[in-house]
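A.B. asks: Handing you this structure, nothing more for now.
The values are calculated or read from the model by the stated rules, or taken from the named source; none is laboratory data. The structure presented is a predicted model; accordingly, all values stated were derived computationally and were not measured. Cβ sites come from the backbone with ideal geometry, for glycine too, and all protein chains shown count toward neighbours.
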């Protein structure tokens, strides 16, 4: 038996902290391609931290464990290499970059993703410096982009705006899913993509996500509420609490949580 | 991610030098004999020689500025004040001595000229070595020559304005320039003539310990338009060079002048320049000032709004890397009522680089109904970099609308992580953030030069040449 397969992302005994505070305390989770997992749990249980640690946010220090993807412990890689391997995080609070249009940014990101990451060519591979990168011709990229724009129901005005600069909450989420659609990740994490969305925006975003689901992509959908899962049906549902996954089940588990809250599971009163 | 991953040695693509096969090279140092020698070589009339000597006295008398950057290391006696590289300026590149032509080819000037320029003046050391204006512009009466030619052939229009916008005794460095000036441009755009493609001047220093002191005068007659672009580079030496120019511009009623500078001196050049324009009724003056190179730049392009309806605009981008100090900004003086102005300054400091915004907004008594807006933003890329803002505002009228905004920001970990999470390398992410930061100014520059500006910044950011 191989220790890993190219078709899954494996998280083993993952511990991480921010400053002196341990947030992840031994997370174990495997997501296969083609599967959609939901990660639920009360606020402060470590869901967003897990998402950020998988992507490589330098704010968090990993103290133990590994995350295996395509035979690599991706915890050793910088975030850009993880992205080029096919990992994607739809941020809960994406940063804004004034002066850089969504379209220009997407083209650069698309080229980087296409370039990929091959550890055996470390050091000789183009490092992503723009002068060395040939890049997709704008007209070719434009066609790819148009299809994704239609899917997410965004117009030309939207992609010529500066990235997340002055975007409403809903627009930011839509931009995140647009990026996901363009970059075609193999493993996607959606961090509270439903928060701050009204029902119409939620529907558009969920439709977008559903359209991207397929045998080539595994995803981890982080949400506090069952609501999103009415639109994006998960194959597997996990509950996280105090930095560990304490329960795993099928989509019935989400419905149960909706009905009863988290208290029956964790055996204590939650104050939020 | 380290705190400052881009603190690498910057490579400078234009740091090469060529052998000196010069027609004439003065001895080092500055005194009345040198000034007389320059004047004699140029066969100048007595009044002009007197003007130079008088200016030198002003220079000696004036104290060094004690503000701005550190000027204490400049040794004025260790500089060559005049080098004549060739017998005369060519009007085809084949007339230009081989190694000089080679230099300008490396700088891409002949190619740019073929593609998108209406005229080119190329200066090497102290003299313009190539000069050409497109025939159709010449036929419309456009004049684009060096000052020596202007005195000889166009004295009637040149002399009445020469040194009137910036008198020799304006400041220590305008006095220095007035004493030893050589090369530069005189441009005259006749009434109603619109020059739709840019005219470009390029300034190259080649010799070590060189001083370059060109002088430019632009007169845009009524309802005319011109866009003048200047670029500059020099070899990298361990000793310092000095560039001190004077640029005077007259924008007559209804005319518009845009003056774009992409300053990319090597990091051993002191760049101490005085630039001033006067804009008359309904005229517009725009300075687009990009400062990437030099050891120390002190330059504050100025617009004097002389008559109602005049508009002034100053867009400034400064990039200070290791060992550099960019003391840049702009000055606007509202002399007349119903005038308006905008200053936008964007500065970036990297490594231990230092950038300062120094600006003056003045509304004189008798100039009500004035509108002005000043915005200066600074971006810091490292903990060791520094930025300062010195906004001087003097308002002597009641009925004015003046806005001033300033911001200082650091490239956030959050922004970097976000861009990197989409596959951009760290240096690419930095570059993208910086390019976005200067976008409001870059979009005002013609595409070719905006591309050049972005490319220069990219080189500064990555510390390598692709």
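A.B. asks: Which of the strands (runs of 3 or more DSSP E) found entirely inside segment B:342-424 contain at least 3 residues meeting this: crowded, with 24+ Cβ neighbours inside 10 Å and without any contact (Cβ under 8 Å) to a residue 12 or more places away in the chain?
C.D. replies: Output list is empty.
A.B. asks: Going through B:167, B:198 one at a time, which residue ends up being free of Cβ contacts under 8 Å to residues at least 12 places away in the same chain and either out of contact with any strand residue (DSSP E or B) (no Cβ under 7 Å at 6 or more places or on another chain) or surrounded by 19 or more Cβ atoms within 10 Å (Cβ to Cβ) (or both)?
C.D. replies: Exactly one of B:167, B:198 is free of Cβ contacts under 8 Å to residues at least 12 places away in the same chain and either out of contact with any strand residue (DSSP E or B) (no Cβ under 7 Å at 6 or more places or on another chain) or surrounded by 19 or more Cβ atoms within 10 Å (Cβ to Cβ) (or both), namely B:167.
A.B. asks: I've got another one for you. Quick one: how many residues across segment A:50-60 are within 14 Å of another protein chain (Cβ to nearest Cβ) and either out of contact with any helix residue (DSSP H, G or I) (no Cβ under 9 Å at 6 or more places or on another chain) or in a helix (DSSP H, G or I) (or both)?
C.D. replies: Within segment A:50-60, residues that are within 14 Å of another protein chain (Cβ to nearest Cβ) and either out of contact with any helix residue (DSSP H, G or I) (no Cβ under 9 Å at 6 or more places or on another chain) or in a helix (DSSP H, G or I) (or both) number 5.
A.B. asks: Is segment A:76-91 home to any residue that is in a strand (DSSP E or B), within 9 Å of another protein chain (Cβ to nearest Cβ) and over 27 Å from residue A:22 (Cβ atoms)?
C.D. replies: No, segment A:76-91 contains no residue that is in a strand (DSSP E or B), within 9 Å of another protein chain (Cβ to nearest Cβ) and over 27 Å from residue A:22 (Cβ atoms).
A.B. asks: Could you pull out the residue among A:231, A:225 that is surrounded by 13 or more Cβ atoms within 10 Å (Cβ to Cβ) and modelled with pLDDT under 90? Quick ask: steps written out before the conclusion?
C.D. replies: Numbers: A:231 fails: modelled with pLDDT under 90.
None of the others qualify; the one that does is A:225.
A.B. asks: I would also like to ask the following. Of the residues B:457, B:433, which is closer than 30 Å to residue A:52 by Cα and either touching a helix residue (DSSP H, G or I) at 6+ places or on another chain (Cβ under 8 Å) or within 14 Å of chain A (Cβ to nearest Cβ) (or both)?
C.D. replies: Unique residue meeting the criteria: B:433.
Let's see how each residue does on (1) more than 26 Å from residue B:356 (Cβ to Cβ); (2) at the interface with chain A (Cβ under 7 Å from one of its Cβ atoms):
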{"position": "B:394", "(1), (2)": "no, no"}
{"position": "B:407", "(1), (2)": "no, no"}
{"position": "B:414", "(1), (2)": "yes, yes"}
{"position": "B:418", "(1), (2)": "yes, yes"}
{"position": "B:428", "(1), (2)": "yes, yes"}
{"position": "B:437", "(1), (2)": "no, yes"}
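A.B. asks: Among B:288, B:317, B:333, B:303, which is touching a residue at least 24 places away in the same chain (Cβ under 8 Å), over 21 Å from residue B:380 (Cα atoms), assigned to a strand (DSSP E or B) and under 13 Å from the mean Cα position of the chain (by Cα)?
C.D. replies: None of the other options fit; the residue is B:288.
A.B. asks: Take the conditions assigned to a helix (DSSP H, G or I) and either surrounded by 15 or more Cβ atoms within 10 Å (Cβ to Cβ) or facing chain A (nearest Cβ under 9 Å) (or both) and apply them to residue B:452. Does it pass?
C.D. replies: yes
A.B. asks: Among B:43, B:13, which is the only one that is within 14 Å of chain A (Cβ to nearest Cβ) and outside any helix (DSSP H, G or I)?
C.D. replies: Result: B:13 is the single residue among B:43, B:13 that is within 14 Å of chain A (Cβ to nearest Cβ) and outside any helix (DSSP H, G or I).
A.B. asks: Being in contact with a helix residue (DSSP H, G or I) (Cβ under 8 Å, 6 or more places away or on another chain) and either within 15 Å of residue A:182 (Cα to Cα) or more than 9 Å from chain B (Cβ to nearest Cβ) (or both) is the filter here; which residues of segment A:112-121 pass it?
C.D. replies: Step one: list which residues in segment A:112-121 are in contact with a helix residue (DSSP H, G or I) (Cβ under 8 Å, 6 or more places away or on another chain), which gives A:112-113, A:115-117.
Answer for segment A:112-121, where residues must be in contact with a helix residue (DSSP H, G or I) (Cβ under 8 Å, 6 or more places away or on another chain) and either within 15 Å of residue A:182 (Cα to Cα) or more than 9 Å from chain B (Cβ to nearest Cβ) (or both): A:112, A:113, A:115, A:116.
A.B. asks: Do the conditions hold for residue A:199, that is, is it on the phi < 0 side of the Ramachandran plot and touching a residue at least 40 places away in the same chain (Cβ under 8 Å)?
C.D. replies: no
A.B. asks: If you don't mind, another one. Quickly run through segment A:153-171 and pick out the residues that are in contact (Cβ under 8 Å) with a residue 40 or more places away in the chain and within 15 Å of residue A:209 (Cβ to Cβ).
C.D. replies: Here is the first cut: in segment A:153-171, the ones in contact (Cβ under 8 Å) with a residue 40 or more places away in the chain are A:153, A:158-167.
Passing the criteria: only A:153.
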